[in-house]
Amino acid sequence: MGVGAVILDAGRVVLVKRAHEPLKGEWSLPGGAVDVGEPLAAAVAREVREETCLVVKVGSVVEVVDRVTRDDGGRVIYHFVIVDYLCRVIGGRLAAASDAEAVEWVAIEDLDRFGGAATAVRVIKNAQSMLGCFGT
């Protein structure tokens, strides 16, 4: 089980260039594995901090994504169920931490330059439509 964070601010989203497999070297949403017994919201906050040095308020679930990666022979290498949450920055300063090669605030209209998967783009767009869920 995994979690992801859609961190939005002023038409931008935080993307992470993965430092480890799966998806090493690719840009994606911050997130990762849930530790046994760890509440999902706590896992999101921890993963964001470990990858981006940001402290976030975890909001509503945006989407649940089933990610299956296969090798050339069609065998499953990775199978993750990822719960993506809408998040808002409440502290910290964006910087690549131990689990990330790089991090950036990316304008939503520039997502194509980062080679993001269609699924991530869809999740980001869905999150944009949910921004009112945080209130004040």
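Values in this text are rule-based calculations from the coordinates and carry no lab data. Computed from a predicted model, the values in this text were never measured in an experiment. Here Cβ is always computed from backbone atoms with ideal geometry, including for glycine, and neighbour counts include all displayed protein chains.
Taking a sphere under 14 Å around the Cβ of R122 and counting the other residues whose Cβ falls inside, with K and R at +1 and D and E at -1, yields a net charge of -2. Each residue of segment 32-39 is assigned a 3J(HN,Hα), and the resulting list reads x, 6, 8, 6, 4, x, 7, x Hz, derived from the Karplus form 6.51 cos²θ - 1.76 cosθ + 1.60 (θ = phi - 60°), x at Gly and Pro. Kindly work out what percent of the DSSP beta bridges joining two residues of the chain are antiparallel, to the nearest 5. Of all bridge pairs located within the chain, approximately 80 percent are antiparallel.
Charge tally for V81 (other residues, Cβ to Cβ under 14 Å; Lys, Arg +1; Asp, Glu -1): -2. Taking square-rooted eigenvalues a ≥ b ≥ c of the alpha carbon gyration tensor, is segment 63-129 rounded, prolate or oblate, where a/c under 1.5 means rounded and, failing that, a/b exceeding b/c means prolate? It is prolate, given that a/c is not under 1.5 and a/b is the larger ratio.
Return the calculated 222 nm mean residue ellipticity for the chain, to the nearest 500 deg cm²/dmol, obtained by summing -39500 (n - 2.57) across DSSP H runs with n ≥ 4 and dividing by the residue count. Numbers along the way, then the final one.
On the way: 2 runs with 24 residues, N = 136.
Rounded to the nearest 500, the figure is -5500 deg cm²/dmol.
Gain on full extension, evaluated as 0.36 nm per residue between R75 and I108 minus their Cα-Cα distance, stands at 8.5 nm. Here the spin labels are modelled as points 7 Å beyond Cα on the Cα-Cβ line, and at R46 and A10 they lie 3.2 nm apart.
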